[in-house]
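See structure below.
The values are calculated or read from the model by the stated rules, or taken from the named source; none is laboratory data. Computed from a predicted structure; not experimentally measured. Note: ideal-geometry Cβ built from the backbone for every residue, glycine included; neighbour counts use all protein chains shown. Quick note on the areas: whole protein, heavy atoms, side chains included, nothing else; ligands and nucleic acids left out. Shrake-Rupley method; radii C 1.70, N 1.55, O 1.52, S 1.80 Å.
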Amino acid sequence: MSAAQRLRVLLAGDRQADRVVPPTGFTVWLTVFTAAAMAFLAVFALALSLATGRLADRWSEALARTATVRISAPEGQMQAQVAAVMEILRTTPGIATARVLPEAEQRALLEPWFGPDLPVAQLPVPQLIEVTEDGAGYDAAGLRLRLAGEAPGAVFDDHTRWRRPLVRAAGRLRALGMISLGLIALATAAMITLSAKAALAANARVIAVLRLVGARDVYIARAFVRRFAGRALQGAGAGTALGMVAIAFLPEADAAGGFLTGLGFAGADWALPLLIPPAAAFVAFWATRAAALRVLREIT
Amino acid sequence: MIELENVAHSYGGGELLSDVSLKLVPGSFHFLTGPSGAGKTTLLKLCYGELLPTSGRVGLFGRDLRGMSRDDIARTRQRIGVVHQDCAFLDHLPLDENVALPLTVSGRAGLSEEGNLRELLAWVGLTARANALPPELSGGERQRAALARAVIMAPDVILADEPTGNVDWEMSQRLLTLLVELNKMGKAVLIATHDLALIRAAKAQVAARVLRIKDRRLHLAGAEL
Ligand SMILES: Nc1ncnc2c1ncn2[C@@H]1O[C@H](COP(=O)(O)OP(=O)(O)O)[C@@H](O)[C@H]1O
Ligand SMILES: [Mg+2]
């Protein structure tokens, strides 16, 4: 039997086995509440991990392949330096294309900061050259040396200076999200272990009697395990649903929002939080089972 | 089926039982007597593995208790019917479910056993009390129910710890007759009691041996009864 099947059989219930243990009262509701709260948090931790993961991918993807050369030169020398730079770039192995940005594009880049009426032509605005690398990549340090030698007004910027920390931050955030998920699972296991232990202690007499009439350990453990796993599933189901609704109704931030826009689930990612309730049931299953078997080992 | 060889047991202080040897074979009928506190209950617990001997060897159905896994012990208990001195019921379940508990936990509960259960309850005179909870029963009713539970699995061995302590003479005779009948079907029976009248009544029906715990040891009594 697969784990999923086992879980289904387990939760489908054996009324008889459930009846041999009296209702476990508040400890079970503690489990429902814990599972709900933890699932709610897990939805956000998962959203954070996925969003920062996407962000890190996007940044490294988009930024890794482009670089710019910025040329500041007196009016008369601009043409010559642009030509020299273009020649260097053309002969540098690993560079796929180099394109001198036309005035209209440069204006579009500056517009958000200076408004639409900026007379670019009359200002000493540096000329930008957009460089795309091919798959193999190029030797950035060598390129800088050559540019310094032949076009002193040219500055090569491959974006690594600000790309690296961003990608690193995004990666770190993703790791934090994953760690949070792990901590949530551990905390859930700990809480369920505590409430299972309380239930087991309250039923020490019942357990002893069952053992005396010939019940095997797994039979006794199952009566508790089913109860706690079932409640964890219910609680986590409710918590996950609430978390997903909360994420779905996060206010939209526009493109400039950058990082915040991404917090949420994209497409098929919406299926991932649905794994949280079965995961909670699984954690409850093992936590309760371990607690029950530990208690049982104390009696013959 | 149950075999104790030079068994000793101590709860931590001095030895309560020393050098006890006992063999329960199919068809045997034993009484176990001794003053209160002599260790009758303790000896029975050694016989179904609730207690481990501090020295010596306990064999259950040909296997050494020490070498048995927890599941082995559980399965062995399904073959040994025990009437516990305190009855050991689940107070939240009605009487009939308590009596059927050994069937339930061994996965044998079912319609085929339903008739068996009714018959057994009628035999111990508890049909009318089938839905009562254990705390609502009198001491005698509880002991009758405990005997019914001990035999419902058709065990090979029946161990009864003062099963007639709280019942009237007539009922104790009926319980005894049930045990004697089961014994004649080949089951081994061991009854701890200090009811000498019961032992005398039994001797008229069956070849019973009487064991007595005295000075921590097990003696075969006989003539004086
Ligand atoms: N779990 C225990 N721990 C310590 N002492 C015990 C325990 N159970 C019984 N005893 C002691 O062992 C002695 C024998 O008890 P028991 O076997 O119940 O005697 P009986 O059934 O013959 O009256 C008594 O003195 C009792 O107090
Ligand atoms: Mg006793």
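Before moving on, here are some points about what is shown:
- Note that region A:142-149 has calculated 3J(HN,Hα) couplings of x, 4, 4, 4, 5, 4, 4, x Hz, one per residue in order, obtained from phi through the Karplus relation 6.51 cos²θ - 1.76 cosθ + 1.60 (θ = phi - 60°); glycine and proline are x.
- Nearest 10 degrees, 0 to 90: helix A:103-114 Cα axis against chain A principal axis: 60 degrees
- Basic side chains Lys and Arg get +1 at the Cβ, acidic Asp and Glu get -1 at the Cβ, and with that the dipole of region B:131-225 about its Cα centre reaches some 400 debye.
- Theoretical gain in end-to-end length, residue B:63 to residue B:21 [0.36 nm per residue, Cα-Cα removed]: 13.5 nm
- Candidates A:186, A:207, A:239 compared by Cα position along the dipole of region A:121-272: farthest toward the positive end lies A:207, with charges placed on Cβ.
- In the protein assembly as shown, a dipole from Cβ-located charges (positive for Lys and Arg, negative for Asp and Glu) runs towards its positive end, and of A:115, A:281, B:153 it is B:153 whose Cα lies farthest in that direction.
- Computed about its Cα centre, the charge dipole of region A:73-152 is approximately 180 debye, with only Lys, Arg, Asp and Glu carrying charge at their Cβ.
- Inter-label distance, residue A:204 to residue A:144: 7.2 nm, where each label sits 7 Å from its Cα along the C-beta direction.
- Dipole magnitude (debye, nearest 20) for the protein assembly as shown, charges at Cβ of Lys, Arg, Asp, Glu: 1900 debye
- A Förster distance of 45 Å, applied to the separation of the beta-carbon atoms of residue A:72 and residue A:250, puts the FRET efficiency at 0.55.
- A crude spin-label estimate for the pair residue A:175 and residue A:114, with each label 7 Å from Cα along the Cβ direction, gives 4.2 nm.
- Helix B:196-205 axis, angle to chain B major axis (alpha carbon atoms, nearest 10°): 80 degrees
- For region B:22-37, 3J(HN,Hα) per residue [Karplus equation, 6.51 cos²θ - 1.76 cosθ + 1.60, θ = phi - 60°, Hz, x = Gly/Pro]: 7, 9, 9, 10, x, x, 7, 9, 10, 10, 10, 10, x, x, 4, x
- Angle in degrees between helix A:160-202 and the longest Cα principal axis of chain A, rounded to the nearest 10: 10 degrees
- If the segment from residue B:130 to residue B:181 were pulled out straight at 0.36 nm per residue, it would be longer than the present Cα-Cα gap by 16.0 nm.
- Heavy-atom accessible area order for A:111, B:141, B:3, B:119, largest first, 1.4 Å probe: B:119, A:111, B:3, B:141
- When the charge dipole of region A:73-152 is built from unit charges on Cβ atoms (+1 for Lys and Arg, -1 for Asp and Glu) and taken about the Cα centre, the candidate among A:104, A:145, A:94 whose Cα reaches farthest toward its positive end is A:145.
- Under a Gaussian network description of chain B, with springs only between Cα atoms under 10 Å, the residue in B:133, B:111, B:103 that fluctuates furthest is B:111.
- Extending 7 Å from the Cα toward the beta-carbon at both residue B:203 and residue B:217 defines two label points whose distance is 2.3 nm.
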